[in-house]
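A quick write-up on the structure given underneath.
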Amino acid sequence: MSYVITIDGPAGAGKSSVAKDTARKLGIKYLDTGAIYRAIALILNASEVKPLDDDIMREALGKISIVLKGKAVLVNGFDVTGEIRTPEADELASVYSAVPAVREALLGLQKEQEKHGSIVAEGRDVGSVVFPDAKVKFFLTASPEARAERRYNERISKGKTADYDEILRAITERDKNDSSRKTAPLKIPEGAIYLDTSDMTEEEAVNFILNEVKNKVKEAIINETE
Ligand code: DC
């Protein structure tokens with residue numbers, strides 16, 4: 001039985017590491033939808049296409065091909081995986097992902113990942129729009145301060161420079177953009193399990209998720225055989 005698990009939530013809630021670890025422990029694929037939005041935002045910005053829902057945008061989108069190859073994201077054949085994790089890409093992805101034409105263009109690519117077997121999909125609307133019929137849905141969040149602290153520690157541990165106040169400001173700004181946009185705003189999907197990870201370790205969050213998944217998958221198997 002193949003199934004989809006969705007994990008939505010705001011920036012810095014620990015979704016990526018939790019989703020990756022959950023997928024690894026379940027032995028299934030991890031789908032990072034944010035990486036796709038980051039990649040398309042970078043190419044649109046580099047091509048000087050304004051973040052507007054207009055014909056210029058549609059024409060540009062028609063010429064972009066995005067391919068997921070294992071952990072890599074290829075844009076028009078070029079591997080951009082190394083370029084999508086910068087503060088600039090954070091901001092650009094937040095702005096371009098609010099454009100309905102961009103979201104429409106990326107919907108098919110995300111949906112088709114389900115065809116290759118079970119997945120843990122992570123994003124902002126994976127439980128509400130992309131995989132509304134997912135077997136188990138989660139909404140992971142944490143206080144803005146806890147999220148800013150995590151991003152700060154992440155950057156420092158990678159030997160990069162970081163400014164906590166600036167990170168907190170950017171997170172608050174992104175929350176506002178992601179939650180207030182008209183198309184597919186960040187919201188708790190119907191039927192999602194809400195998890196506040198402010199005072200949780202990554203391991204605790206993963207264990208909580210694995211437990212819920214096991215129960216739901218068991219339930220589904222029992223229902224199927226009844
Ligand atoms: O999860 P992330 O930080 O890599 O996402 C980057 C941006 O992409 C984020 O600002 C919101 C957007 N995004 C989205 O709108 N929908 C998704 N399913 C995933 C990401």
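Nothing in this text is a laboratory measurement; each read-out follows from the coordinates by a stated rule. As the structure is a prediction and not an experimental result, all values here were calculated from the model. Every residue, glycine among them, receives a Cβ derived from its backbone with ideal geometry; neighbour counts consider all protein chains shown.
Dimensions of the range 25-82 along principal axes (Cα, Å, largest first)?
43, 21, 17
Hey, what number do you get for the chain at 222 nm if only DSSP H runs of n ≥ 4 count, each worth -39500 (n - 2.57), divided across all residues, to the nearest 500? Spell out each step's value before the answer.
Values: 8 runs with 111 residues, N = 226.
When only DSSP H runs of four or more count, the value is -16000 deg cm²/dmol.
Determine ³J(HN,Hα), in whole Hz, for all residues of the range 76-92 in sequence, where each value follows from phi through the Karplus function 6.51 cos²θ - 1.76 cosθ + 1.60 and θ = phi - 60°; x replaces Gly and Pro.
Listing the rounded values in order: 6, x, 9, 7, 10, 3, x, 9, 8, 9, 10, x, 5, 5, 4, 5, 5 Hz.
Can you tally the net charge around S180? Count Lys and Arg as +1, Asp and Glu as -1, for every other residue whose Cβ sits under 12 Å from the Cβ of S180. List each step's numbers first, then the result.
Numbers: positive: R174, K176, R181, K182, K187; negative: E173, D175, D178.
Net charge in that neighbourhood comes out at +2.
Pull out the extension gain between E173 and L210, defined as 0.36 nm times the separation in residues minus the alpha carbon to alpha carbon distance; nm, one decimal. Walk me through the numbers on the way to the answer.
Details: separation 37, 0.36 × 37 = 13.32 nm, distance 3.16 nm.
Answer, rounded to one decimal: 10.2 nm.
Amide H of Y30: which non-local residues (sequence gap of 5 or more, or other chain) have their own amide H closer than 5 Å, using H built in the peptide plane?
Hits under the 5 Å cutoff: V120.
For E154 paired with L52, estimate the spin-label separation in nm (one decimal), with each label point 7 Å from Cα along the Cα-to-Cβ line.
The answer from the label model is 3.3 nm.
Give me the extension gain from K115 to K63: residue separation times 0.36 nm, minus the current Cα-Cα distance, reported in nm with one decimal. Show your work: numbers first, answer last.
Details: separation 52, 0.36 × 52 = 18.72 nm, distance 2.44 nm.
Taking 0.36 nm per residue and subtracting the Cα distance, the gain is 16.3 nm.
By DSSP, what percent of the beta bridges with both residues in the chain are antiparallel, rounded to the nearest 5?
That works out to approximately 25 percent antiparallel.
Run through the DSSP bridge list for the range 1-127 and note the antiparallel percent, rounded to the nearest 5. Please report the intermediate quantities before stating the final value.
Working: 6 of 15 bridges.
Antiparallel bridges make up about 40 percent of those DSSP assigns within the range 1-127.
Within the range 168-226, report the trypsin sites (Lys or Arg not before Pro) that DSSP leaves as loop and that have at most 13 other Cβ atoms within 10 Å.
Details: sites: R169, R174, K176, R181, K182, K187, K214, K216, K218; in loops: R181, K182, K187.
Here the trypsin sites (Lys or Arg not before Pro) that fit, given the DSSP loop and packing criteria, are K182.
Once you sort the root eigenvalues of the Cα gyration tensor of the range 86-226 as a ≥ b ≥ c, which label holds: rounded (a/c under 1.5), prolate (a/b larger than b/c) or oblate (the other case)?
Working: a/c = 2.19, a/b = 1.38, b/c = 1.59.
Verdict is oblate for the range 86-226.
Is the shape of the range 1-159 rounded, prolate or oblate, going by the alpha carbon gyration tensor and its root eigenvalues a ≥ b ≥ c, with a/c under 1.5 for rounded and a/b larger than b/c for prolate?
Values: a/c = 1.61, a/b = 1.18, b/c = 1.37.
Oblate.
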